[in-house]
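Colleague: The structure that follows is given in the form of structure tokens.
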């Protein structure tokens, strides 16, 4: 589980997301979940965003 904003940012940035994309993903998780993201949820959301942007 990502324990800090820095952990979440690092996790997504290492997977090729830009700084802007990373911010949007984290904002989406906070809006939908009402709490900081876990790595598992961020991974699923990131995969969905990649699939949506590649079509």
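Colleague: Report the residue count in segment 17-43 for those that are modelled with pLDDT of 70 or more, in a helix (DSSP H, G or I) and surrounded by 12 or more Cβ atoms within 10 Å (Cβ to Cβ).
Modeller: Within segment 17-43, the first condition is being modelled with pLDDT of 70 or more, and the residues that meet it are 17-34, 43.
Keeping just the survivors that are in a helix (DSSP H, G or I) gives 19-33, 43.
Now drop any that are not surrounded by 12 or more Cβ atoms within 10 Å (Cβ to Cβ), which leaves 21-26, 28-30, 33, 43.
The qualifying residues number 11.
Colleague: Out of curiosity, is residue 51 part of a helix (DSSP H, G or I), in contact with a helix residue (DSSP H, G or I) (Cβ under 9 Å, 6 or more places away or on another chain) and modelled with pLDDT under 85? Step through it out loud before you land on a result.
Modeller: On the way: part of a helix (DSSP H, G or I): yes; in contact with a helix residue (DSSP H, G or I) (Cβ under 9 Å, 6 or more places away or on another chain): no; modelled with pLDDT under 85: yes.
Against the criterion (part of a helix (DSSP H, G or I), in contact with a helix residue (DSSP H, G or I) (Cβ under 9 Å, 6 or more places away or on another chain) and modelled with pLDDT under 85), residue 51 does not qualify.
The values are calculated or read from the model by the stated rules, or taken from the named source; none is laboratory data. The shown structure was predicted, so the numbers you read here are calculated from the model rather than taken from an experiment. Every residue, glycine as well, gets a Cβ built from its backbone with ideal geometry; the counts of neighbours run over all protein chains shown.
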